[in-house]
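Since the structure comes first, as structure tokens, the remarks are kept for the end.
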Amino acid sequence: MITDKLFRNQDFRIRQKFIKLAEGVERNKGEVFVISSLHPSGLRLNDITGIACILRFPINLDYLLEEEDEK
């Protein structure tokens, strides 16, 4: 999921980065959903970076908890 605001960014390099990312997702058989930044869900997504994903596989983050415990 990505907001249209990122695809319309004034900075060409930033805009190109997100376009390449979306193309890479589609090449790897993923789906890209562009959400309007005027829609309430798009507004909320913009508040937290403007991009999010749903993974098809679990991620084991236990090692991060272990590192925090060591500190």
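No lab work stands behind these numbers, since they all come straight from the coordinates. This one's a predicted model, so the numbers in the text were calculated from it and none came from an experiment. Note that each Cβ is placed from the backbone with ideal geometry, even for glycine, and that neighbours are counted across all protein chains shown.
Under 8 Å for C-alpha pairs, at least 6 residues apart: give me the relative contact order for the chain, rounded to a whole percent. Reported relative contact order: 37 percent.
Positive-end ranking of Y63, F12, I2 along the dipole of region 2-70, with charges on Cβ about the Cα centre, is headed by F12.
Estimated purely from DSSP H runs of n ≥ 4, each contributing -39500 (n - 2.57), the mean residue ellipticity at 222 nm for the chain is -15000 deg cm²/dmol once divided by its residues.
Lysine pairs in the chain 8 or more apart or on different chains: how many have alpha carbons under 26 angstrom apart? The result is 5. Of the GluC sites (Glu not before Pro) found in region 1-42, those in coil by DSSP whose Cβ has at most 10 other Cβ atoms within 10 Å are E31.
Is there a quick way to get the dipole size of the chain? I mean about its Cα centre, with the Cβ of Lys and Arg at +1 and of Asp and Glu at -1; what is the value in debye to the nearest 20?
That gives a dipole near 700 debye.
Per-residue Karplus couplings for region 30-38, computed as 6.51 cos²θ - 1.76 cosθ + 1.60 with θ equal to phi - 60°, are listed in order as x, 10, 10, 10, 8, 10, 5, 6, 8 Hz, Gly and Pro entered as x.
Please give the FRET efficiency for L38 paired with D11, using the beta carbon to beta carbon distance and R0 = 22 Å, rounded to the nearest 0.05.
0.60
Evaluating 6.51 cos²θ - 1.76 cosθ + 1.60 at θ = phi - 60° for every residue in region 51-62, the Karplus couplings come out as 9, 8, 9, 10, 8, 8, 9, x, 10, 8, 9, 4 Hz, glycine and proline recorded as x.
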